[in-house]
Amino acid sequence: MKEVCDIVCEHEDVVQSVKAQLPDLAKTLQIFKALADETRLHIAYALTLVDQLCVCDVAAIINASSATASHHLRYLREHGLATSKKEGKLVYYALADEHVRQLIDVAYAHSKE
């Protein structure tokens, strides 16, 4: 079976309606790009398991240097997926909100189907 249509467009009215409703997805794209990196996805998943982790603990979890962990955590923060706070000599990161947790949980559950 050929997996393409033999015509250019069957339902022009539906196509035009959908095109008119498509929002700007640039920020959504950035979320998926941020999570498309295996290391950042591991970090984000780890943050679904606990409320927060300090940079040095994240480094130990991903078997990397604190500098590498910090780089990935900063990327997640800059893209709205994580928050950070400094407490003395430690910097703690957490997921930005419940939506991020749900996104990771749903993606993982789907991958197991």
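Confirm whether Glu113 is over 19 Å from Thr28 (Cβ atoms), out of contact with any strand residue (DSSP E or B) (no Cβ under 8 Å at 6 or more places or on another chain) and surrounded by fewer than 17 Cβ atoms within 10 Å (Cβ to Cβ). Here the answer is yes, as Glu113 does meet what is asked. Would you pick out the residues in the range 47-83 that are among the small types (Gly, Ala, Ser), within 28 Å of Ala26 (Cα to Cα) and surrounded by fewer than 17 Cβ atoms within 10 Å (Cβ to Cβ)? Answer for the range 47-83, where residues must be among the small types (Gly, Ala, Ser), within 28 Å of Ala26 (Cα to Cα) and surrounded by fewer than 17 Cβ atoms within 10 Å (Cβ to Cβ): just Gly80.
Residues that are surrounded by 15 or more Cβ atoms within 10 Å (Cβ to Cβ) and assigned to a helix (DSSP H, G or I) within the range 84-103 comprise Val100, Arg101, Leu103, listed in sequence order. Criterion first (closer than 22 Å to Phe32 by Cβ, touching a helix residue (DSSP H, G or I) at 6+ places or on another chain (Cβ under 7 Å) and of a type outside the set (Val, Ile, Thr)) does Asp97 satisfy it? Answer is no for this residue.
None of the figures in this text is laboratory data; all of them are computed from the coordinates on show. These numbers were taken from a predicted model, which means no experiment stands behind them. Here Cβ is always computed from backbone atoms with ideal geometry, including for glycine, and neighbour counts include all displayed protein chains.
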